[in-house]
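Below is one structure, written out as structure tokens; comments come after it.
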Amino acid sequence: GVGAHGCDSTQQCLDFEEALAALICGPVQVLNDAELMPLAMGFRGSIGVVSGTGSIGVARDAEHRLVTAGGWGRILGDEGGASGMVRESVRAVLASMDRGEPPDQLGHRLLTCFDATDGPELAMAFTRQNSAASLGSYAREVFAAAAEGSVIANRVIDGAVNELATLVERLLGRGIVTDHVVAGGGMIQTQSRLRDPFIASLKVTCGEITATVLDRAPVIGALALASSLESREGMK
């Protein structure tokens with residue numbers, strides 16, 4: 001049982017399965033890594049939402065085809081993930097500077113952590129970041145600024161909450177039938193300012209959906225998957 005980062009379509013999962021099956025004596029199933037989270041929590045047929053360095057929502061439809069929303073990376077998406085939140089924070093701070101406003105708590109924090117003295121230097125330092133992980137490492141500054149009263153930081157976090165809830169709405173809108181969402185990843189598991197409003201928003205926008213936050217290693221989902229494969233194989 002495998003949960004693989006980068007297997008973002010049904011065909012990619014099947015291709016990986018085929019390659020592994022040629023090397024392994026026994027049943028093999030490959031899922032997107034985010035699909036392990038519901039399995040780890042004991043839920044099958046649920047939506048998995050990741051808010052870590054990046055963000056994505058995943059589920060399986062009635063034909064067991066992988067359906068995803070988001071997950072487009074730090075340049076094009078990942079709203080609600082750490083790298084996307086930092087990107088939107090920098091954009092919001094630069095927009096504030098364009099309006100002639102002095103830096104608030106978030107502006108000061110970003111200028112400091114990017115070792116910049118003004119907007120142009122901040123933009124250049126941000127652009128030079130070459131990985132989602134390096135960008136995402138600054139997300140803690142956004143939450144710290146929000147706790148200090150930054151209007152901009154709180155607005156960015158609220159936007160991230162909405163984006164994560166939108167991932168679930170889009171999956172439901174594409175025919176996914178479930179009453180449960182399992183959310184995991186470093187951001188949503190550790191930042192209550194993101195986690196609690198996200199759970200509350202699902203109650204408002206998605207009706208009967210219940211949300212659970214991952215509280216164990218996702219690899220437990222791979223073990224559960226492997227166990228189910230073994231059971232099915234034994235029944236043949």
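Computed quantities for the displayed model
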{"quantity": "Relative contact order of segment 1-148, defined on C-alpha pairs under 8 angstrom at six or more residues apart (%)", "calculated": "17"}
{"quantity": "In Hz, Karplus ³J(HN,Hα) per residue of segment 28-43 (6.51, -1.76, 1.60; θ = phi - 60°; x = Gly, Pro)", "calculated": "9, 9, 10, 10, 5, 4, 5, 6, 5, 4, x, 4, 4, 8, x, 10"}
{"quantity": "Contour minus Cα-Cα distance for A95 and R128 (0.36 nm per residue)", "calculated": "10.0 nm"}
{"quantity": "19 Å tail of the calculated P(r), segment 111-236, as % of Cα pairs", "calculated": "64"}
{"quantity": "Total charge dipole magnitude, segment 84-210, about the Cα centre, Cβ charges on Lys, Arg, Asp, Glu only, Debye to nearest 20", "calculated": "280"}
{"quantity": "The chain: calculated mean residue ellipticity at 222 nm from DSSP helix runs of at least 4, using -39500 (n - 2.57)", "calculated": "-16500 deg cm²/dmol"}
{"quantity": "Segments 131-144, 114-127 sorted - mean Cβ within 10 Å per residue, highest first", "calculated": "131-144, 114-127"}
{"quantity": "Value of Rg/Rh across segment 33-187 [Cα atoms, Kirkwood radius]", "calculated": "1.05"}
{"quantity": "Ellipsoid semi-axes in whole angstrom, largest first, where each is sqrt(5λ) of the Cα gyration tensor of segment 64-131", "calculated": "28, 12, 9"}
{"quantity": "Accessible-area order (highest first, 1.4 angstrom probe) of the listed residues E17, E148", "calculated": "E148, E17"}
{"quantity": "Cα-centre dipole for segment 58-144 with unit charges at Cβ (Lys and Arg positive, Asp and Glu negative), debye to 20", "calculated": "240"}
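The values are calculated or read from the model by the stated rules, or taken from the named source; none is laboratory data. Just so it is clear, the model here is predicted, and its values are computed rather than measured. Counting neighbours? That spans all protein chains shown, and the Cβs are built from the backbone with ideal geometry, glycine included. The protein model used for the area step is the full one, side chains on, heavy atoms only, and it has no ligands, DNA or RNA in it. Shrake-Rupley method; radii C 1.70, N 1.55, O 1.52, S 1.80 Å.
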